[in-house]
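Accompanying notes for the structure given below.
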Amino acid sequence: MDRPVSGNLHTFFRPRSIVLVGATDKSAWSQLIHGNFGAMGYEGQVWLVNKRGTPAHGRAAVTSCRDLPAVPDIAYIFVPTDAVREALEDVTEAGIRHALILSSGYAETGADGTEKQAGLIAYARDKGVTVLGPNSLGFINYADHIPVSPFPVGKDYLKGHLAIVSQSGATTNVIANFAQQQGIGLSYAIATGNEADLDTARVIDYLAGDEATRVIAVFAETIKDPAAFRVAARKAAAAGKPLIVLKVGRTELASQLAQAHTGSVTGDDRIFDAVCAQDNIIRVTSIEELVVTAGVLVHTGPIEGGVAIISISGGACEIIADTAETAGLALPPFADETRAALQAVIADYGAIFNPLDVTGAAVRDPALFQRILTILAADPAIGLTACVYDMPRDGGDFVDRTALTCIGAGLAASKTPGIMINQAIRPVGAFSQKLMAELGIAAVTGGLDLAVRAFAAAQRWSERRIRQGERDAGILRQPHISAARPASEYETLAYLQAKGAPVILVRRAPTADEAVEAWRAIGGPVVLKIASSAIQHKSDIGGVRLNLDGEIAIRDAFAAIMAAARAAYPDAAIDGCLVAPMRPGGIELFVGTAQSAWGPVIAAGLGGVWIELLADTSLRLLPIDQAEARAMLDELRARRILDGYRGAPAADLAAVADAICKIGDAALALGPDLVTLEVNPLLARSDGVEALDALAVWSDG
């Protein structure tokens, strides 16, 4: 059944009235959920329902949602698993259209639980009820002070602009607590659980339009609806909201654990990397990186330019330089005007690099912080300024108010965002936040490694969003489905040529005489290959002969190939041999497409014998444009070979990218019955590119 992308989720996540189904003083869940209403100062109506109508938490209760004085906006169900269906039926019969189910024992337990969950959600959908869960610890709407969750909420929680979405309830709480510890305010923390109905994609779609949210941080075990996820991701990008994802499943063990936790199947991890590259999603590898990156982007928004960093520690500058190299952070050299201005300020103290070691001179003269930061912020290549200096955690730490005031003034005076960096990760609690407010320091992050990776991610996200609209237009275009169904190498190459892909001139020779005629027409050394749609791996059976020149050589090779083919495949239909000119030199590449849960995927990398040895390929979802194809080439470990390694001619990268795009478009045009379309090798030279061999495989064999 089709579901709206965000639908009526405004009411779901901003309920003005809530009923707790299963409320009792004997339940720790019930106590935690109810206690949060007082902790956050929820001003809406709260009702309680339990089987006996027993009062709980100092409130009256009724036995059925139908006995409530009004229809609540949402019901939170936390009864034993066997009682959930009955409770949901009571909810729907009372006219309630939004439900949260905390109870577990469904898809995460195996096949029986999956079947039980499917029946539950089928009933809910039939009744028009939106469900979060089961196995969900609910959500906290910090922006509107609405807790529908057992997550403990202290009275000093920080409101802000970071929304957290997680399939794991416990992880949701860990991420939220760590963000608060780092002084990052939250708009939402949403635990989606088993995602039987309301899933991560629909939640992201909702948050993309939420005014209180600037950045969306996601912990995902699986993506239930890949197409909807991509639509939601692009909606967030169009709204200028970074989407940062920590997705498990990089290893087989992690995939098995995810299946046991929420019934999730993690899917092909490399394809998800490709989705992130195309849809401008920031992927991270730890909770710390997720939160720190999100916190940086909440403060900076898009970064237009490079990053300038200063520190009083030369060691910190060295760590930053090393980390920046691996993380891909652009630390541009300063402009001549900037260098001249800096030279006038720090001529006696040190060399001028980025990152800049201001040395211990700033300890003697803290005003140097302000002067240097102001100079760096004026540099036209700089989009973010940062200062490494530890923010005191509490009254026990040394507090140099003069230095901190100068740093705050230097960061605040900039036309670009400015941020302070703790050398090691440390809490930014109430004491630190009060000091920051007093001294004009807008944001603090850390430690060095996490901060540099966060800056690099922010840079990439900012650069990619510039052409996001053009890429979206390409993604949304629909190919014209062709009636062609190439089966053999000859047919596949002819089809690719018809679609505009560069293909070597190939002649089909049913007889040895025709092979000789083809050789004469080509006028030089040729390659002979068996021509049969039934024989895919021609080299394995002796079905390929190279560098043939002369009539005798052609006739002997033809006879040998035919004999080898008939011996290996006695029942195969054989159409003779293919004759093509030999192509000396060049770089052999591989381009292939395949189907996936995310849609058709294209891979590109080194081909020929290297495809299996190096496994050096880059993936994207189709369709792609030339810019995306170039990005694929740039990701290859063997990228330098394409530039002409050790004096070899460089490949025509524009021609290679164009060929990759045309092969991808040709594969799309063959429709969903195509299993794979492979070109191996695609020969790249300085003067162009040619497909030398191609194969199409179909789902019906």
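What follows draws every value from the coordinates through simple rules; no lab data is involved. Here the structure is a predicted model, which is why all the values come from computation and not from measurement. All Cβ positions, glycine included, derive from the backbone under ideal geometry; neighbour counts span all protein chains shown.
Miscellaneous remarks
- Global form of the range 554-624, assessed from the alpha-carbon gyration tensor, a/c cut-off 1.5: prolate
- Residues Asp400, Asp357, Asp687, arranged from fewest to most other Cβ atoms within 10 angstrom of their Cβ, appear as Asp687, Asp400, Asp357.
- For the pair Ser17 and Ala412, a Förster radius of 51 Å applied to the C-beta separation gives a FRET efficiency near 0.70, rounded to the nearest 0.05.
- For the chain, calculated [θ]222 nm from helices alone, where every DSSP H run of n ≥ 4 adds -39500 (n - 2.57): -12000 deg cm²/dmol
- Burial ordering of Trp519, Trp698, fewest other beta-carbon atoms within 10 Å first: Trp698, Trp519
- 31 Å Cα-Cα threshold exceeded, pairs from Lys159/Lys415; Lys247/Lys434; Lys159/Lys247; Lys116/Lys235; Lys51/Lys127; Lys51/Lys159: Lys247/Lys434; Lys116/Lys235; Lys51/Lys159
- Surrounding net charge for Gln536, when Lys and Arg each add one and Asp and Glu each subtract one, Cβ distance under 11 Å: -3
- Database remark: amide H of Val675 closer than 5 angstrom to the amide H of Val697, Trp698, Ser699 (H placed geometrically; neighbours at sequence offset of 5 or more, or on other chains; Pro and chain starts carry no H).
- Projecting the Cα atoms of Tyr142, Phe178, Ala228 onto the charge dipole of the range 9-295 (Cβ charges, centred on the Cα centre) puts Tyr142 farthest toward the positive pole.
- In terms of its C-alpha gyration tensor, the range 559-701 comes out oblate, because a/c is 1.5 or above while a/b does not outweigh b/c.
- Dipole magnitude of the chain about its Cα centre (Cβ charges: Lys, Arg +1; Asp, Glu -1), debye to nearest 20: 1180
- Across the range 655-663, computed HN-Hα scalar couplings (Karplus, 6.51 cos²θ - 1.76 cosθ + 1.60, θ = phi - 60°) run 5, 4, 4, 5, 5, 4, 4, 5, 5 Hz from first to last residue, x flagging Gly and Pro.
- The angle between the Cα long axis of helix 430-439 and the longest principal axis of the Cα atoms of the chain comes to about 90 degrees, rounded to the nearest 10.
- Ascending count of other beta-carbon atoms within 10 Å, so fewest first, for Ile530, Ile271: Ile271, Ile530
- Under 13 Å, Cβ to Cβ, from Ile312 - net charge with Lys/Arg +1 and Asp/Glu -1: -3
- Excluding same-chain neighbours fewer than eight residues apart, the lysines reachable from Lys529 by a Cα-Cα span under 24 Å are Lys499, Lys538.
- Helix axis angle, 287-300 relative to the chain longest principal axis, alpha carbon, degrees: 80
- Counted by Cβ distance under 14 Å from Asp397, the other residues give a net charge of +1, where Lys and Arg count +1 and Asp and Glu count -1.
- Along its principal axes, the range 302-468 has C-alpha extents of 47, 37, 27 angstrom, given from the largest down.
- Estimated translational D of the range 9-295 in µm²/s (Stokes, Kirkwood radius over Cα pairs; 25 °C; 0.890 mPa s): 129
- Relative contact order, percent, the chain [alpha-carbon distance under 8 Å, six or more residues apart]: 8
- Paramagnetic reach from Ala430 (point 7 Å along Cα→Cβ, amide N under 18 Å) across the range 132-175: 152-160
- Of (i) -0.36, -0.50, -0.84, -1.05; (ii) -0.48, -0.63, -0.90, -1.02; (iii) -0.39, -0.51, -0.79, -0.94, the label for log10 I(q)/I(0) by the Debye sum over Cα atoms at q = 0.06, 0.07, 0.09, 0.10 Å⁻¹ derived from the coordinates: (ii)
- Length available on full extension from Phe398 to Asp322: 0.36 nm per residue minus the Cα-Cα distance, which gives 24.4 nm.
- Percent of beta bridges antiparallel (DSSP, the range 9-295, rounded to nearest 5): 20
- Acute angle (nearest 10 degrees) that the helix 169-181 long axis makes with the longest principal axis of the chain, alpha-carbon atoms: 70
- Excluding exposed DSSP-loop GluC sites (Glu not before Pro) (at most 12 other C-beta within 10 Å), longest clean stretch of the chain: 212-701
- Three-way shape label, the range 508-581, alpha-carbon gyration tensor, a/c 1.5: prolate
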